[in-house]
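Below is one structure; the comments refer to it alone.
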Amino acid sequence: MTDAHCHVRRGESRHILCEPCDVASAAPGDAVFFGFHPWYLDGFDADALRSRLAANPRAGVGEIGMDRLRDKVMPTAMREAFEAQLAIAAELSRPVVLHGAKCWGEVFRVAAKYAGRIPAFLFHGFSRSGGLVPDIARINGFISIGPALLNDHAVNYRELAKTIPLEMLLVESDATAENTAEVPPVAEVAAKLAELRGVPLDALATALEANATRFLR
Ligand SMILES: [Zn+2]
């Protein structure tokens, strides 16, 4: 099964590996995404990113975005780095993995300016209510569901996961080198998703794989 968003290889059939990660660890079937995560913008260098992408025609851009988890006030440098990376993704026509903790509306508004020029977006860790989902669909956006779905207290997240259109869905671990031992495999997330949506797991798994392939195309 495809892990649609992780920072470390985990023995899945395909990983969409986003920086920060060890890109050299990627296996032939994996997809690698280069970019500066909003928490790690020290040394941000747009020209270096563009050069690495140009040298790797199959690489995407991610994980990039904005964040209000650590700072209530969005730092200007965070917004500028996000926009600069979106502009590069548009210039080189690469798919993008987005991060938008506690600011998905703002991340969407900025990303939507590049709709059509950026071929596809993955809204990773998206946990807002469903109001934004039709807008995300309009810009060829996908939404990856993570291990939070396995938490019986995640009532709102489960409701969201039930209502996202099937053709937009992916599953992710968001595992890092530090937490990979504790994070369940994406198959467990997919099994819970199938149960909640009342569909057979094999049919859902087939759709998830097709969606991952479309996102990466
Ligand atoms: Zn991540």
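Below is a table of values for the structure above.
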read-out: Exposure proxy ranking, count of Cβ atoms within 10 Å, fewest first, for T163, T180; value: T163, T180
read-out: Estimated FRET transfer efficiency (N140, A46; beta-carbon r; R0 30 Å; 0.05); value: 0.80
read-out: Neighbour-count ranking [beta-carbon atoms within 10 angstrom, fewest first] of W39, W104; value: W39, W104
read-out: Hits among aspartates and glutamates - C-alpha to C-alpha of K113 under 15 Å, sequence gap 8 or more where chains match; value: E80, E83, E91, D135
read-out: 25 °C / 0.890 mPa s Stokes-Einstein diffusion coefficient of segment 122-217, Kirkwood radius on C-alpha pairs, µm²/s; value: 181 µm²/s
read-out: Per principal axis, descending, Cα span of segment 1-160 in whole Å; value: 44, 38, 30
read-out: Charge context of H124, other residues only, Cβ under 9 angstrom, K/R +1, D/E -1; value: -3
read-out: Lysines whose Cα lies under 20 Å from that of K192, excluding same-chain neighbours fewer than 8 positions away; value: K162
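Every number here is computed from the coordinates shown, using simple stated rules; none is lab data. In this text the structure is predicted, and so the values were computed from the model without any measurement. Cβ atoms come from the backbone with ideal geometry, glycine included; neighbour counts cover every protein chain shown.
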